[in-house]
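Only one structure is covered here, and it is reproduced in the block below.
The values are calculated or read from the model by the stated rules, or taken from the named source; none is laboratory data. A quick note: this is a predicted structure, and the numbers were derived from the prediction, not measured. Because the Cβ atoms are built from the backbone with ideal geometry, glycine has one as well, and the counts that use them run over all protein chains shown.
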Amino acid sequence: MPVNVLFSARPELWPVYEPLLTKGLEQAGVDAHLATDLPADQVDYVVYAPNGGLLDFTPYTHLKAVLSLWAGVEKIAGNASLTVPLARMVDHGLTQGMTEWVVGHVLRYHLGIDRHITLQDGTWTPEAPPLAPERTVCILGLGMLGEASARALAALGFNVTGWSRSPKDIPGVTCLHGDEGLHDALASTEIAVLLLPDTPATENLLNAETLALLPKGACLINPGRGPLIDDDALLDALNAGHIGHATLDVFRVEPLPIDHPYWAHPNVTVTPHIASETRPVTAAQVIVENIRRGEAGEPYLHLVDRALGY
């Protein structure tokens, strides 16, 4: 009997993923039937994205696992009808893309590139930027994406601090954790990068109190999740000159409404959720490997801790 795999995502993704998954499963030796519409009680695996419309997993009585195409699983982790293992997407293409984006924007701040672009007015001001070891960068969130970004920045010579809820050990990175660690991490950084998941514990992590811990003039980069930041508190900190600049790629409402203050603020850069994305070729490989593992009775990769939400 073939393994039945339901693809539940945006319809335009089906012709992209179907040949990749079909070929990959064949090469992995898995006899599979892939479709966008299958009897619920015959489905073994669901390849899932929140925009696919599947909300109730109760009828899927034969389901073995749900395999997310998204790295963020906040839209499904709390679904009470889902009782089987849930795996999030950890894709080396997504990780590479995020690392490149983070490094690029850190270097932009570090080198003062904006000043030379916007103030090219004939004034000759030969002020060289500091070297990387003289600049402290903090990565808030040391999961797959945060660790990769921290390692890349450390390799460039930056003084990198990382913060996470639980203890971590990354060579070349000063790793802090817990409430006290968050205080110390923020108080010592000039450039803060947010790469935390969206959970009840991380919502508004950067608020009026925690933003005040950052040194005056610090810069903020958020390619993680929009709800990590209290927007009103950030705007207040920007207007007061406490935060020097913020580059924001993710927002509570997307697309960001045209009348949102971020668009017109002189010290905010808005990017349209482009820091990184799942690459079909590499993502399909992750999905195939998890189906192979499920059929072989091996542990799934990248399982979500439903209690933590990631």
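For segment 37-64, filtered to residues that are among the β-branched types (Val, Ile, Thr) and surrounded by 19 or more Cβ atoms within 10 Å (Cβ to Cβ), the residue that is farthest from Val288 (Cα to Cα) is Val43. Considering segment 71-123, and only residues there that are among the small types (Gly, Ala, Ser) and either in a helix (DSSP H, G or I) or not assigned by TED's automatic domain parsing to the domain that holds Gln285 (or both), the residue that is surrounded by the fewest Cβ atoms within 10 Å (Cβ to Cβ) turns out to be Gly122. Is there a residue in segment 161-172 that is acidic (Asp, Glu) and touching a residue at least 12 places away in the same chain (Cβ under 8 Å)? Looking for residues that are acidic (Asp, Glu) and touching a residue at least 12 places away in the same chain (Cβ under 8 Å), one finds none in segment 161-172, hence no. When Pro266 is tested against (1) at pLDDT 95 or above; (2) within 20 Å of Arg88 (Cα to Cα); (3) part of a loop (DSSP other than H, G, I, E, B); (4) not acidic (Asp, Glu), only condition (2) is not met. Screening Asp179, Asp184 for residues that are under 28 Å from Asp230 (Cα atoms), in a helix (DSSP H, G or I) and either at pLDDT below 95 or not assigned by TED's automatic domain parsing to the domain that holds Leu234 (or both) leaves exactly one candidate, Asp179. Selection of segment 124-146 for residues being of a type in the set (D, E, K, R) and either assigned to a helix (DSSP H, G or I) or closer than 20 Å to Ile243 by Cβ (or both) yields Glu134, Arg135.
Cβ separations smaller than 6 Å between residues 6+ apart or across chains give the following pairs from segment 281-310 residues that are closer than 26 Å to Thr202 by Cα to residues that are buried (at least 16 other Cβ atoms within 10 Å of the Cβ) and hydroxyl-bearing (Ser, Thr, Tyr): Gly309/Thr199. Screening Ile221, Ile229 for residues that are in contact with a His (Cβ under 6 Å, 6 or more places away or on another chain), crowded, with 17+ Cβ neighbours inside 10 Å and in contact (Cβ under 8 Å) with a residue 12 or more places away in the chain leaves exactly one candidate, Ile221.
The condition of being at pLDDT below 95, small (Gly, Ala, Ser) and out of contact with any Phe, Trp or Tyr (no Cβ under 9 Å at 6 or more places or on another chain) does not hold for Gly24. Leu67 meets each of the listed conditions (1) closer than 16 Å to Pro280 by Cα; (2) buried (at least 21 other Cβ atoms within 10 Å of the Cβ); (3) under 14 Å from the mean Cα position of the chain (by Cα); (4) not assigned by TED's automatic domain parsing to the domain that holds Val137 apart from (3).
The numbered conditions (1) surrounded by fewer than 18 Cβ atoms within 10 Å (Cβ to Cβ); (2) within 18 Å of Asp198 (Cα to Cα); (3) at pLDDT 95 or above; (4) of a type in the set (Gly, Ala, Ser) are all true for Ala307 except (3). Considering the conditions (1) closer than 29 Å to Gly309 by Cβ; (2) crowded, with 19+ Cβ neighbours inside 10 Å, Asp236 is excluded by exactly one of them, (2). Among the numbered conditions (1) outside any helix (DSSP H, G or I); (2) touching a strand residue (DSSP E or B) at 6+ places or on another chain (Cβ under 8 Å); (3) crowded, with 19+ Cβ neighbours inside 10 Å, the only one that Ser276 does not meet is (2). Taking the criterion of being among the hydrophobic types (A, V, I, L, M, F, W, C) and assigned to a strand (DSSP E or B), the residues of segment 232-255 that qualify are Ile243, Ala246, Leu248.
For segment 183-200, a residue qualifies if it is touching a residue at least 40 places away in the same chain (Cβ under 8 Å) and hydrophobic (A, V, I, L, M, F, W, C), and the qualifying residues are Ala185, Leu186, Ile191, Ala192, Val193, Leu194, Leu195, Leu196.
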